[in-house]
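Trainee: Mind having a look at this structure? Questions to follow.
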Amino acid sequence: MPNSELYPKGLVADVVFSPDLLPFSDLDGKIVVVIDILRASSTITTALANGAVSIHPVLTPEDAFRVAAEDPKILCCGERKGLKVKGFDLGNSPRKFTPELVSGKQIVITTTNGTRTINACVSAQNLLVGSFLNLSSIVDFLHKAKASVVFVCAGRMGQFCTEDSTFAGACLNRMSGWELSDSARTALLIYKHHQNDLLTMLKECDHGRYLEQIGLTQDLNFCAQVDYYPIVPRLQQQLISIDS
């Protein structure tokens, strides 16, 4: 967490590289952007862009089944170890969340890293979900809001991951008027190293290599697309929907 004495008046942009570091961060009064490029934030963005009404992020498959049991029309979605949970309607592949399957639907989703991170940030008054797919829309929202921002990377099993940090840096590269914390400056440097070939970055990062091993290379290609959807997913009362 940046020392508030260093930034007494100005807007501050900070990056939290793992949800395990959230106890050391102050989210009060700040916009929080949760990032899980591979793949929860990419999937959430895609589902909403393709017509899903809302998305309820939960911690466990048991929680998802419990929510879905309340209404047979709710789609139960998510993964463990990258693969669709047995009995779920969909996994966590954004390519599968087509208009034909999700338009007009409510979705409950649980993932290994992303939904855990979203739930860890529910105290934030303003929580957004960011991916390369909606990069410009996130940055535009931040510029209009003119508030301090914390990018929270889902990471992988509590560890730092390149892809989430690269996205945070991509946003920071387009932002002006914010003081950058040390972690934000680091994320910006990471992005500048990878900015000319995001797909290669996704294929070389730890989680990208794992997804390739289990046959999900096409998801990497999909998640590397920039500005594919002009929407801002926003959490309100436990549900994520498109900010209007």
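Read-outs: derived from the displayed coordinates by stated rules, not from any lab. In this text the structure is predicted, and so the values were computed from the model without any measurement. Neighbour counts run over all protein chains shown; Cβ positions are idealised from the backbone, glycine included.
Trainee: Can you give me the C-alpha center-to-center distance between region 203-244 and region 111-168, rounded to a whole angstrom?
Mentor: 12
Trainee: Something else now. What percent antiparallel are the DSSP beta bridges of region 10-238, to the nearest 5?
Mentor: The antiparallel proportion sits near 15 percent.
Trainee: First measure r as the distance between the Cβ atoms of Ser103 and Arg185, then evaluate 1/(1 + (r/R0)^6) with R0 = 30 Å and state the FRET efficiency to the nearest 0.05.
Mentor: Details: r = 41 Å, r/R0 = 1.38.
E between Ser103 and Arg185, to the nearest 0.05, is 0.15.
Trainee: Taking amide H positions as placed in the peptide plane 1.01 Å from N, state which residues far from Arg156 in sequence (5 or more) or on other chains have amide H under 5 Å from it.
Mentor: Hits under the 5 Å cutoff: Cys161.
Trainee: Indicate the gyration tensor shape class of region 47-95 (rounded, prolate or oblate), computed on the Cα atoms with a ≥ b ≥ c the square roots of the eigenvalues: a/c under 1.5 is rounded; otherwise a/b larger than b/c is prolate and the rest oblate. Please list the in-between numbers first.
Mentor: On the way: a/c = 1.76, a/b = 1.04, b/c = 1.68.
Because a/c hits 1.5 or more and a/b fails to exceed b/c, region 47-95 counts as oblate.
Trainee: Translational D (Stokes-Einstein, µm²/s) of region 10-238 at 4 °C and 1.567 mPa s when Rh comes from the Kirkwood sum over C-alpha pairs? The partial results should precede the final answer.
Mentor: Details: Rh = 17.3 Å.
So the translational diffusion coefficient is about 75 µm²/s.
Trainee: Additional query: So how much slack lies between Asn221 and Leu83, counting 0.36 nm per residue of separation and subtracting their Cα-Cα distance, in nm?
Mentor: Extending this stretch completely gives an extra 47.9 nm.
Trainee: So, one more: If you count, for each residue, the other Cβ atoms within 10 Å and average over each peptide, how do 141-150, 27-36 line up from highest to lowest?
Mentor: Numbers: 141-150: 17.6, 27-36: 23.0.
The densest-packed peptide leads the list: 27-36, 141-150.
Trainee: Do the sum for the chain: with -39,500 (n - 2.57) for every DSSP H run of n ≥ 4, divided by all residues, what is the mean residue ellipticity at 222 nm, to the nearest 500 deg cm²/dmol?
Mentor: Roughly -10000 deg cm²/dmol at 222 nm, from the helical runs in the chain.
Trainee: How do Met157, Met175 line up, fewest other C-beta atoms within 10 Å first?
Mentor: Numbers: Met157 13, Met175 18.
With the fewest neighbours first, Met157, Met175 line up as Met157, Met175.
Trainee: Now, a different point. At Ser176 and Glu70, where each label point lies 7 Å from the Cα along Cα→Cβ, what is the point-to-point distance in nanometres?
Mentor: My value for the distance between the label points is 4.5 nm.
Trainee: By count of other Cβ within 10 Å, fewest leading, how are Leu172, Leu101, Leu83 ordered?
Mentor: Placing the least packed residue first, the sequence is Leu83, Leu101, Leu172.
Trainee: Give Lys73/Lys96; Lys84/Lys105; Lys144/Lys192 a once-over and call out the pairs whose C-alpha atoms are over 21 Å from each other.
Mentor: Pairs exceeding 21 Å: Lys144/Lys192.
Trainee: Still on this structure, please answer the following. Fewest first, what order do Leu180, Leu90 take by the number of other Cβ atoms within 10 Å?
Mentor: Fewest-to-most Cβ neighbours within 10 Å comes out as Leu180, Leu90.
Trainee: Counting pairs of alpha carbon atoms under 8 Å apart in space and at least six apart in sequence, what relative contact order in percent does region 10-238 give?
Mentor: Numbers: 487 pairs, mean separation 76.3, N = 229.
Relative contact order for region 10-238 comes out at 33 percent.
Trainee: Using 0.36 nm times the number of residues separating Lys144 and Asp206, minus their current alpha carbon distance, what extension gain do you get?
Mentor: 18.9 nm
Trainee: Additional query: Please list, by residue number, every one of the trypsin sites (Lys or Arg not before Pro) in region 45-120 that is coil in DSSP and has at most 13 other beta-carbon atoms within 10 Å.
Mentor: Counting only loop positions with at most 13 other Cβ atoms within 10 Å, the trypsin sites (Lys or Arg not before Pro) in region 45-120 are Lys73, Lys81, Lys86.
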